[in-house]
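J.: The structure is given below, and queries will be raised subsequently.
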Amino acid sequence: MDFFSKAARKSPWLYRINAGSCNGCDVELATTACIPRYDVERLGCQYCGSPKHADIVLITGPLTARVKDKVLRVYNEIPDPKVTVAVGICPISGGVFRESYAIEGPIDRYLPVDVNVPGCPPRPQAIIEGIAKAIEIWAKRA
Amino acid sequence: MKSFDMPVGPLHLSLEEPMYFRIDVEGEEVAGIEITAGHVHRGIEYLTAKRNIYQNLALIERVCSLCSNSHPQAYCMGLEKIAGIEVPERAQYLRVIADEIKRAASNMFNVAILAHIVGFESLFMHVMEAREIMQDTKETVFGNRMDLAANVIGGVKFDIAEDRIAYVIAQLNKLEPILVKEIIPLYETNSSILSRTRGVGLINRDQCIDYGLMGPVARGSGYAYDVRTAAPYAVYDRLDVEVITYPDGDVWSRAMVRLKEVVEAIRLMRLCLRELPEGPLTAGPLPFIPAGEAITKVEAPRGELIYYLKTDGTDIPARVKWRVPTYMNWDALEVMMVGGRISDIPLIVNSIDPCISCTER
Amino acid sequence: MTTDTLRTLLTVLVFPGGLFAMALGLALKGVERRAIARLQRRVGPPLIQPFYDLIKLMRKRTLIPDTANAFVFLAVPVAGLASMAVAASMIPIPGFYEPSTGLGNLIVLFYLISIPAVSLMLAGSASGSPYGAIGFSREMAIVLAYEGPILLSLVAVALHAGAVTGQPILLSLTEIVRYQQEHGAFLFDPWMWPALLTYLCFIPANLGIAPFDIPEAESEVLEGPLVEYSGPPLGLMKLMSVTKSVVVLGLGIALFFPNGPAGLAGLFIFLAKCLVLVLAVSVLKAAVGRMRIDQAVLFYLKWPELLGFAGLALVIARF
Amino acid sequence: MLLKNALFLVAGCILAQAHINSLDELGGLGRKMPVTFAVFLFAGMSLAGIPPLNGFGSKLMIYEAAFEGGHYMLGLSALMSSLFTLAAILKFAHTAFMGQLSERASKMTEAPMVMLAPMLLLVGASIAVGLFPGLLLVPIAHLQTGLGLEPVQASWLGGLPGVSSYNPLVMTVALVATGLIGWLYYRLSGSRHVTSYIHTGGGVMIPNARMHLPASALYETPERLIRLALRDKPQVQDPQTESHAHDH
């Protein structure tokens, strides 16, 4: 379906899930998404209010024990096909919190992660690159 | 009137972090609120007892990225108190600069989110763009946009050399007019902002004292408590910090306190850069920390942050415990929200600038 | 009879209703998003972004909540879109297109315009989500507030047109447009300005544009009635709302400033007027925040209502 | 009349099944009583005057007569009143038939055929008259001629009399035809339907029935404004707000 994937490449909608992060990555995500200098809307992205509209899901945080079920529930509410991006070092490996009893991560134990954006927190440029990579994967899946 | 329950959170668009409110609603009016906490509990206090004192500095910095300078600062101050380390004067000044630059960025972020919740995207972007000036400065001076890694036991890790001073001042000169001439007047006069934030989420001075509220929330209700003047640390006693208060105790007052504090932070940074004395950055190489205990407090962007430290002579701390301002502030949500409307919920939550990751660690 | 019916079907399905109105709506939405981005000093999405979004949504799964009324949930977007496509075919483009008879007059059009709001309410209600239900409740409140003023405005125009053509009231949109083509637009008649202002006030509330995007407020009720929608039904919902913008703007143009040359040039003039209105809407959207629902309702009950009555009184007093 | 009767029968069905008389105890019945719900929705929407349903035609004639006769205010209030009908119908539809199942409603089942048949009959008649107003108008015209009055303009397949040139048949055909565009979009997409649950931010602490907006919660804003206009104090005065009032 070449026609559809071409259109899908131009229209990836984003949704952010915070899986217990220190909110550094979330602040950087807000920065990336919203300030004119970085502006992800030129890639056709827009942030969705509801997970049911999303195509690309950005997950931050090390997946704490308490939030795990909620994250998985919301993740399942995102209709297929979808692409998962792990933002920051925490979802990738647990980061500085990795030996704690309260951490269930790394997140790829529970979800299929497509793109990793390491950093503590990653710079907006890195996040945009991650989103751009996710868009390529998303275009193939759509 | 029969009520119903509306969930807000744990993963809600307008909440930066997972926080679960079960809100009892009558029509559109909030009748009761129940907060379920613990979603961001990462067991940091447990981890501090697993790692040594020096490693903990990196961990403590990541309790929360928005107050990521206040935590290490209080932690270092505690250890310095236990070990009796005298921090060099230049490091004291630099600590104030790191503290204020974080305060400026954090407060502006909160105020920007307010505009976002009101649905005023242009203003949101404008404030975020202005905040980006501070982010650039942080990246240039400290090498990171969020976690500065500025503090080390006995001093600071970074330096602002003579040529960098000019750069930082130039950045401040860029930010200040935008703030004073554009952003603050907008928040003071724009009817979109005023009609949504004036008289919303009220809490009065007495209730502030009853609930032990901290930071801009208390100051927005006219209670002039600020650790920087009440119990000065670093070199705040020489800087003559102005404590900004607003009398009304609504969402708007808290936002205005935050904005004015950014202006004050810029003034303090200027002052520090001008008076920056020569001297070493640290008291020496990695110090030995003897057994002992200490309590320190600093003024984080959200209010008073208290650290309790206990060491036993080994390099693993016996206990690290802290109390953050949000811990008291979010209890007061009950007072602020009851009687409010559904539309006010995210505004009121945002107005205490909740730092869940600090509180639940 | 048959050629007439065929012509009606064509106007409803292809031009200017149906496909044309939808395409125009999507294009105008693209312009709006781009314009807002430019006002915020951003690059913004490509102009045909809404088309991409619509095609993309076809590729997504359709989620239906287990507590939802599946039939209503899936049917209301179709009903809303159909009503808007028909409504679009009822708006004359002066010098270029006259709506076919049989579909009805201004009152029918007024009713058709209110169908998308009903669709949205039923959608929010049928989804079973508390956010959707709150969105439904808010939508109804704001509909109750703005329907009064818009009615006053429409009746004022119809009465005025009727009075000048020697009838008690002129409810045919085609006739109203024809009168203005010959005798000058109502836009330049100061007696009609209150009615015009009332209509302008009605546009943002009906289209769900800031400061009246309260039912779909993202940060409060997670896009309200749309919260449970995904994939194709969501696409239809978006398509419905952009087609509605064509109808509402087109009706405004027809009521107050339809003048234009004959032939294809008339169509282009019409498109240009739409563009101007959309740019004005973008400026509004970029320049204000969202109101609270009670503030919005109160606003409509105060100013546009007063203006509407003033407009009607002026028209009645004049003749 | 057909519609009102149908609505009465719907209410009767619910009453017979539930034995309750407060809307707040209902919810989510649409999934339990689909036929009753369909009848209700049709009759209700028709009563509210949603074109092309039956009720709209008669309303249109009333409005036009009012305006033509110079009774502008009458016409305007008639137009507004149909909006309030709509509000009432939607409120009932939401609280009784949509949203989450209440405890009471979960035990209910579809009404027996004996009760459904008359409702369906009424709806059928209503659709017929709605599509072909001539069915009633032509006999009326005959009657009028018989009585020596001037007959209404009517033909078997024609539209409504009056200046509107509104023909329900044409409108229906047009709406169905354009509805096909939406239907085609669904078909072409070939999107798979997946059953999911409502979005609650991931939390599962609140039982579904508690999240159903009761009747009294809907349209609270207009109600509040009316109270405000009448200077009516809210029923429950919160001690918290009182203390605020003293402080400020």
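J.: What per residue convex hull volume, in Å³, do the alpha-carbon atoms of segment D:2-131 yield?
T.: It is 96 Å³ per residue.
J.: If you rank D:L74, C:L196, D:L83, C:L236 by fewest surrounding Cβ atoms within 10 Å, what's the result?
T.: Fewest-to-most ranking of D:L74, C:L196, D:L83, C:L236: D:L74, D:L83, C:L196, C:L236.
J.: Using only the Cα atoms of segment B:67-107, construct the convex hull and provide its projected area averaged over every direction, in square nanometres to one decimal.
T.: 2.7 nm²
J.: Which FRET efficiency value, to the nearest 0.05, do you get for A:N76 and D:V176 by plugging their Cβ-Cβ distance into 1/(1 + (r/R0)^6) with R0 = 30 Å?
T.: Approximately 0.20, to the nearest 0.05.
J.: Oh, and also: Take chain C, connect every pair of alpha-carbon atoms lying under 10 Å apart with a spring to form a Gaussian network, then pick out the residue of C:F299, C:F20, C:F73 with the largest mean-square fluctuation.
T.: For chain C, modelled as a Gaussian network with Cα springs under 10 Å, the answer is C:F299.
J.: Would you mind ranking C:E305, B:E162, B:E242, C:E216 by Cβ crowding within 10 Å, fewest neighbours first?
T.: B:E162, B:E242, C:E305, C:E216
J.: Along each principal axis of its Cα atoms, how long is segment B:4-360 end to end? Whole angstroms, biggest number first, please.
T.: Largest first, segment B:4-360 extends 63, 44, 33 Å along its Cα principal axes.
J.: Students often get this wrong, so check it: of A:K10/C:K56; A:K70/D:K32; A:K82/C:K56, which have C-alpha atoms separated by over 19 Å?
T.: A:K70/D:K32
J.: Given the alpha-carbon gyration tensor of the protein assembly as shown, what are the semi-axes of its equivalent ellipsoid in whole angstrom, ordered largest first, with each equal to the square root of 5 times an eigenvalue?
T.: Working through the eigenvalues yields semi-axes of 58, 30, 27 Å.
J.: Could you calculate, for segment B:1-85, the ratio of the Cα radius of gyration to the Kirkwood radius, expressed as Rg to Rh?
T.: Rounded to two decimals, Rg over Rh is 1.22.
J.: Just from the alpha-carbon atoms, what are the Rg and Dmax of segment C:68-135 in angstroms?
T.: Rg, Dmax (Cα atoms, Å): 15.1, 49.
J.: A follow-up question, please. Could you tell me the center-to-center distance, by alpha carbons, between segment B:183-201 and segment D:36-97 in angstrom?
T.: Using only Cα atoms, the two centres lie 41 Å from each other.
J.: Here is a follow-up. Can you compute the modelled spin-label distance between A:E99 and D:L188, with each label point 7 Å from Cα toward Cβ, in nm?
T.: 6.0 nm
J.: Same structure, new question: Given N residues in segment A:2-141, what is Rg(Cα) / (2.2 N^0.38 Å)?
T.: 0.99
J.: Write down the radius of gyration of segment A:3-64 and its Dmax, each obtained from C-alpha positions, in Å.
T.: 12.7, 41
J.: Further question on the same structure: Under unit Cβ charges (Lys, Arg +1; Asp, Glu -1), what dipole magnitude, rounded to 20 debye, does segment A:2-141 have relative to its Cα centre?
T.: 160 debye
J.: State, to one decimal in nm, how far the label point of D:K107 lies from the label point of C:A272, with both points 7 Å from Cα in the Cβ direction.
T.: For the pair D:K107/C:A272, the computed spacing is 7.1 nm.
J.: Round to a whole angstrom and tell me the spacing of the C-alpha centers of segment C:240-277 and segment C:72-103.
T.: Here the answer is 14 Å between Cα centres.
J.: Still on this model: Work out the length of the dipole vector of segment B:274-361 about its Cα centre, built from +1 on the beta-carbon of each Lys and Arg and -1 on the beta-carbon of each Asp and Glu, and round it to the nearest 20 debye.
T.: Dipole size: approximately 120 debye.
J.: Lysines near B:K81 by alpha-carbon distance under 26 Å, same-chain residues fewer than 8 away left out - which ones?
T.: B:K50, B:K102, B:K157, B:K297, B:K310, B:K321
J.: With r as the distance between the Cβ atoms of B:D210 and B:Y54 and R0 = 41 Å, compute the FRET efficiency 1/(1 + (r/R0)^6) and round to 0.05.
T.: The computed FRET efficiency comes out at 0.50.
J.: While we're looking at this one, here's another question. Run the numbers on segment B:201-250 and let me know its relative contact order in percent, using alpha-carbon pairs under 8 Å that are six or more apart.
T.: 47 percent
J.: Tell me, what does the Kirkwood hydrodynamic radius of segment C:2-318 come to in angstroms if you use every pair of distinct C-alpha atoms?
T.: In segment C:2-318 this quantity evaluates to 20.0 Å.
J.: Once you compute Rg and the Kirkwood Rh from C-alpha atoms, what is the Rg to Rh ratio for segment D:27-81?
T.: 1.20
J.: When the expected Rg is taken as 2.2 N^0.38 Å, what fraction or multiple of it is the alpha-carbon Rg of segment C:178-319?
T.: It is 1.21.
J.: Continuing with this model, one more query. Express the Stokes-Einstein translational diffusion coefficient of segment C:1-102 in µm² s⁻¹, to the nearest whole number, given a Kirkwood radius over alpha-carbon pairs, 4 °C and a viscosity of 1.567 mPa s.
T.: 80 µm²/s
J.: Let me ask something else. Taking every alpha carbon pair in segment B:98-212, what does the distance histogram look like in 5 angstrom bins from 0, in percent?
T.: Spelled out bin by bin, segment B:98-212 gives 2, 10, 17, 18, 15, 13, 11, 9, 5, 1 percent.
Only the coordinates and a few stated rules stand behind these numbers; no lab work does. No experiment lies behind these values; they were computed from the predicted model shown. Cβ atoms come from the backbone with ideal geometry, glycine included; neighbour counts cover every protein chain shown.
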